[in-house]
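Beneath this line is the structure, given in structure tokens, with notes to follow.
What follows draws every value from the coordinates through simple rules; no lab data is involved. Keep in mind that what you see is a predicted model, and the values were worked out from it rather than measured. Counting neighbours? That spans all protein chains shown, and the Cβs are built from the backbone with ideal geometry, glycine included.
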Amino acid sequence: MSAEFPVRRYRAVFISDIHLGTRGCQAELLLDFIRHVECERLYLVGDIIDGWKLKGGWFWPQTHNDVLQKILRLARKGVEVIYVPGNHDEVARDYCGVHFGGVVVARDAVHEAADGKRYLVLHGDEFDGVTRNARWLAFLGDWAYRTVLALNTVFNHARRRLGFGYWSLSAYLKVKVKNALQFIEDFEAAVADEARRRGVDGVICGHIHKAEIRDIQGIVYLNDGDWVESCTALVEHFDGALEILEWAKLRSWSVIDRLRAREATDTPEPAAA
């Protein structure tokens, strides 16, 4: 694939579960996504920075800093950026209603699409019984999940050397485990019920790292996925149609490698005030 890739333009873009501060974060692919996508409104749907992981040990390479700088630059250029914190960056929930560098923090939001349909935008952790009622178990599960992601990184490094594309081992294991499938179904139903209660047409969320668009008893359920497993985003076209972009499938490792090599010689952007 050529490094020259056309810029894609959308009315709105929804991304979540980036988990900056962890080794599983696919920051290079996200930077590539930001460079090749333009939008009028950007929703950051939670777990942008992984505060849970950073409490236990600092990991913050330049690429993670670059992601934040790129997002702040979009806000300065006129993109409306709405940040809906999740459970891993829940400290930001103390600042709902506050603007940071053009980014507004909100507990949740209602997005009106070009076709007039209204969607509740939230991270979704409040509908996860483990996160809400057994916080110690959530931390244990997070540790186990990061272990699987570490294996995923090693696995994909080997695939990369052999010339194969990105493939998520962790996502594969998730869909093969019966209890995980039941958890996902229960989560989706609970989030859809909240959208129905709020009187909107659908709900856009993250949290469970499984990109999806489907109808749940008349409510449109949309999950934008994540940037540690599937590297996906939800986008709204100018006619109101919604689509999941699987960026890891659209782009090749060779392109990311060339971009990384080029950036190594570039002058880094100055930090935003």
Original post:
Using a simple spin-label model with points 7 Å from Cα along the Cα→Cβ vector, what separation in nm is obtained for L250 and K117?
Top reply: 1.9 nm
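For the pair R161 and V110, what calculated FRET efficiency results from E = 1/(1 + (r/R0)^6), where r is the Cβ-Cβ distance and R0 = 51 Å, to the nearest 0.05? List each step's numbers first, then the result.
On the way: r = 46 Å, r/R0 = 0.90.
After rounding to 0.05, the efficiency reads 0.65.
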**OP:** Return the distance in nm (one decimal) between the two label points of a simple spin-label model at H36 and I213, each offset 7 Å from Cα along Cα→Cβ.
**Re:** 1.9 nm
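Calculated FRET efficiency, A241 and D193, Cβ-Cβ r, R0 22 Å, to nearest 0.05? Mind showing how you got there, number by number?
Values: r = 25 Å, r/R0 = 1.13.
Rounded to the nearest 0.05, the efficiency is 0.35.
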Original post:
Label-point separation (nm) for D186 and R93, each offset 7 Å from Cα along Cα-to-Cβ?
Top reply: 2.0 nm
Subject >> Calculated over region 1-70: convex hull of Cα atoms, volume per residue (Å³) >> reply: 92 Å³
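For region 1-121, give the share of DSSP beta bridges that are antiparallel, in percent and rounded to the nearest 5; count only bridges with both residues there. Don't skip to the end; give the middle numbers.
Numbers: 6 of 21 bridges.
Here the share of antiparallel DSSP bridges comes out near 30 percent.
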